[in-house]
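Just so it is clear, none of the values below were taken in a lab; they were calculated from the coordinates. Everything numeric in this text was worked out from a predicted model, so none of it was measured. A quick note on method: Cβ atoms are made from the backbone with ideal geometry, for glycine too, and the neighbour counts reach across all protein chains shown.
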Amino acid sequence: RMAVLTEHLNDVGQALGKSVLAYNKAVGSLETRILPAARRFKELGVSSEKEIPMLDPVELVSRKALPYDSE
């Protein structure tokens, strides 16, 4: 049971890592593609009442579960 749980936890950790990478890529795309276009709209006089909030990249790393040692 413990080995199976450890495998599941490691799978979750890997999935979290992939999610963080995907999130950070999306934030990078927002910063390099979307926000510059939004600034150009503002310069042209097109505006919105809502401000676009800044997003911080996620810098957390999940840790790997240690193997169970029955000794």
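Helix-only estimate, please: 222 nm mean residue ellipticity of the chain, summing -39500 (n - 2.57) across DSSP H runs of length 4 or more and dividing by its residues, to the nearest 500.
Numbers: 2 runs with 37 residues, N = 71.
It comes out at -17500 deg cm²/dmol, rounded to the nearest 500.
With charges set only on the Cβ (+1 for Lys and Arg, -1 for Asp and Glu), what does the dipole of the chain come to about its Cα centre, in debye to the nearest 20?
In debye, rounded to 20, the chain gives about 360.
If contacts are Cα pairs under 8 angstrom and at least 6 residues apart, what is the relative contact order of the chain in percent? Intermediate results must be reported in sequence, preceding the final value.
On the way: 26 pairs, mean separation 45.3, N = 71.
Relative contact order of the chain: 64 percent.
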